[in-house]
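Working notes, structure below.
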Amino acid sequence: MSYRELRHGMLRIALLLAAALTPGQARATVEYGVSLAHPSEHLFHVTMTIPDVHGELILEMPAWNALYQIRDFSSRIQQLTVQCGRQSLAVEKVAKGTWRSHAEGTVTVRYAIFWDSPGPFSSQLNNEHAFLNPAMVFLYVPTRRAEDVSLSLADLPTGWRIATALAAPEPANAAASFTAPSYDAFADAPLEVGTFAEFRVPNITPPIRVAVDGDNWRQSEVESVLRKIAAYQLQLMNGAPFDRYLFILHIGKGAAGAGGGMEHSFGAAISTASGPQLAAVAAHEFFHLWNVKRIRPASLEPVDYGKEQYTRALWFAEGVTSTYGSYTLVRSGMWSKQDFYSDLAEQITELESRPANRWQSAEQSSLDAWLEKYPYYNGPDFSVSYYTKGQVLGVLLDILIRDRSNDERSLDDVLRKMNDDFAKKNQPYRDSLDVRLTAESVSGGSFEDFFRRYVAAAEPLPYAEILGKAGLLLEKREITRAELGFTVERDLSGKAVVRAVVPGSPPEHSGLRAGDEVESFNGEPVPRRLDGWIRSRRPGEVLRLEIRRDGQPSDLSFALGGKTEDFFVVDEDAQASPKAKAIREGLLHGTPVAAAAVP
């Protein structure tokens, strides 16, 4: 039997054991302890105590988490030892993330793991704070993933506190010990440790806590944004699927150039350059409470931490979540309707500017998510984003459902029905198939042709035809946009490194070279998505870069170049029929439960 077959056999056993457990049965507890002593060394010192070991013991480190990328967290582990009582045991490394030993009784595993990478998709320990994504720090026993987990933290610097959605004694922010019902639940609950600010989102039940590390933010602004998002989405989905929730926010200096958000079952971790950028990310991540974390595609169940886990459903799980991010902002009053139209037009422009849109379907883009760690794959000739294509497909599908039902049914009803039929019954859905069947059940008509042509295949999307059913016009125009003139990629530590500089471009003339580390754009953290950043700039604007070359800091500046390209504009059709106008109003305000904006 190969090692891979052995590992998958152990995973199947673990799942069978989990299914066999009844509430009355005793559950063993795997205990983790982590020391934060000497944070400047960026080493989490981990102790793992495993009871009731009899014979062979397999230890594994997840190869991926948060991002759909194999990142091999085991490469960061140092000095792993295994003991049973006072006896040191032989331990053999049998694969890049797997160790094997043999014992009888309670086993203690010790190791150190290095992390100093900012952002919600990594972990970090330094003199400012600690942020832990547990799957990136803690080993697990494959056959015992279903067992209870406990975690204790020690050697916190003076004044540091802990914020996490894990269960803990009261008061939660003062506790240094936590529990979870399984390794998977443990892995899904990050921790922020430091001198963060903490408060509750007002007038929301169940309680939503917020922990903020950073600067360039105002509590009243953050409270207002998060309250509007939570109030609207909880109303939309007929109540909360949680009894507690935690936003961990890294804002300004805390974002450290690693912007974005990561959803969790009882919280979200978000990094933004400033408070005003929070709304769009938070609206997306909060809706993941339902779509992805509970309305979950079967292809992502159970989680396999050891290898790529392929799914055709990310266009819906992520892309339609972006649809509801934009719906939330306009329906809660944080966006004007023109903001909504502009955002939709921007997504269409992005799709149509990429040659890959002619051949890569939404489902194929979902399957190929694991290629996103390769910078060339993200180029316009190689891929389209399942976020972008899925967001547009969500709007088009919503319009068609409303059109067929005389605006009595919508995509809102599809999400609510999937929540009832799958999430509340703890059942995963069958990727695109159950999305289509639910849409057909809600609308009373077939969507087989739509899904075959536009989801499974890459036929040109009929934007104008479908938008017209909502009283919207789509116009193509020409514009001269700013051009960056160089590309960057992030290394394993999260640093932005210049990959290539366009010959003869302004950045080349300024002295920028491949291999330079870029530390800031105009004094701000390097944007995570440069394509979005450059679209908001004009040719001739000056870009100031702080770079580091061979360890030496330097400043460069140059005027952005320009290129002519097509872009799209979405606007209202003054001649639209009453039915189309009603559908348009439904998109903007939601129906039937979300007719009013949240104040």
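The values are calculated or read from the model by the stated rules, or taken from the named source; none is laboratory data. Model, not experiment: these values are computed from the prediction. Every residue, glycine as well, gets a Cβ built from its backbone with ideal geometry; the counts of neighbours run over all protein chains shown.
Kindly check whether there is at least one residue in segment 517-535 that is within 30 Å of the chain's Cα centre (by Cα), closer than 26 Å to TYR374 by Cα, among the polar types (S, T, N, Q) and surrounded by fewer than 14 Cβ atoms within 10 Å (Cβ to Cβ).
Step one: of segment 517-535, the residues within 30 Å of the chain's Cα centre (by Cα) are 517-535.
Restricting the remaining residues to those that are closer than 26 Å to TYR374 by Cα gives 517-521, 524-535.
Filter again for among the polar types (S, T, N, Q), leaving 520.
This time we only want the ones that are surrounded by fewer than 14 Cβ atoms within 10 Å (Cβ to Cβ), so: none.
No: zero hits.
Suppose we keep only residues that are aliphatic (A, V, I, L, M) and surrounded by 24 or more Cβ atoms within 10 Å (Cβ to Cβ) within segment 110-129. Which one would you say is nearest to SER40 (Cα to Cα)?
Selected residue: LEU125.
I need every pair where a residue in segment 88-100 that is more than 21 Å from ASN65 (Cα to Cα) has its Cβ under 8 Å from the Cβ of a residue that is among the aliphatic types (A, V, I, L, M) and not in a strand (DSSP E or B), sequence separation at least 6 or different chains.
Pairs found: ARG100/VAL91.
Spot the failing condition for ILE204; the list is (1) under 26 Å from TRP64 (Cα atoms); (2) touching a helix residue (DSSP H, G or I) at 6+ places or on another chain (Cβ under 7 Å); (3) of a type in the set (Val, Ile, Thr), and only one is missed.
(1)
Looking only at segment 472-509, count every residue that is among the acidic types (Asp, Glu) and either closer than 30 Å to ALA574 by Cβ or touching a helix residue (DSSP H, G or I) at 6+ places or on another chain (Cβ under 6 Å) (or both) and tell me the total. Can you show your working first?
Restricting attention to segment 472-509, the residues satisfying the condition of being among the acidic types (Asp, Glu) are 475, 478, 483, 489, 491, 508.
Right, trim to either closer than 30 Å to ALA574 by Cβ or touching a helix residue (DSSP H, G or I) at 6+ places or on another chain (Cβ under 6 Å) (or both) and you get 475, 478, 489.
Total meeting the criteria: 3.
What are the residues in segment 120-147 that are over 21 Å from the mean Cα position of the chain (by Cα), in a strand (DSSP E or B) and closer than 20 Å to GLU31 by Cα, if any?
TYR140
Does ALA168 qualify as being closer than 30 Å to ALA211 by Cα, free of Cβ contacts under 8 Å to residues at least 24 places away in the same chain, in the same structural domain as PRO39 (by TED's automatic domain parsing) and touching a Ser or Thr at 6+ places or on another chain (Cβ under 8 Å)? Outline the logic, then answer.
On the way: closer than 30 Å to ALA211 by Cα: yes; free of Cβ contacts under 8 Å to residues at least 24 places away in the same chain: yes; in the same structural domain as PRO39 (by TED's automatic domain parsing): yes; touching a Ser or Thr at 6+ places or on another chain (Cβ under 8 Å): yes.
So ALA168 passes the test.
In segment 139-148, what count of residues is obtained for those that are of a type in the set (A, V, I, L, M, F, W, C) and buried (at least 24 other Cβ atoms within 10 Å of the Cβ)?
Within segment 139-148, residues that are of a type in the set (A, V, I, L, M, F, W, C) and buried (at least 24 other Cβ atoms within 10 Å of the Cβ) number 1.
Any idea which residue in segment 207-247 is surrounded by the most Cβ atoms within 10 Å (Cβ to Cβ), counting only those that are part of a loop (DSSP other than H, G, I, E, B) and touching a helix residue (DSSP H, G or I) at 6+ places or on another chain (Cβ under 8 Å)?
MET237
Taking segment 500-518, which residues are more than 23 Å from GLY562 (Cβ to Cβ) and touching a residue at least 40 places away in the same chain (Cβ under 8 Å)?
Selection gives nothing.
I want to confirm something. Restricting to segment 76-119 and keeping residues that are modelled with pLDDT of 95 or more, part of a loop (DSSP other than H, G, I, E, B) and under 28 Å from ALA269 (Cα atoms), which single residue is nearest to the chain's Cα centre (by Cα)?
Looking at the filtered set, the residue picked out is TRP115.
Residue by residue through segment 361-372, note down the ones that are assigned to a loop (DSSP other than H, G, I, E, B) and surrounded by 20 or more Cβ atoms within 10 Å (Cβ to Cβ).
SER361
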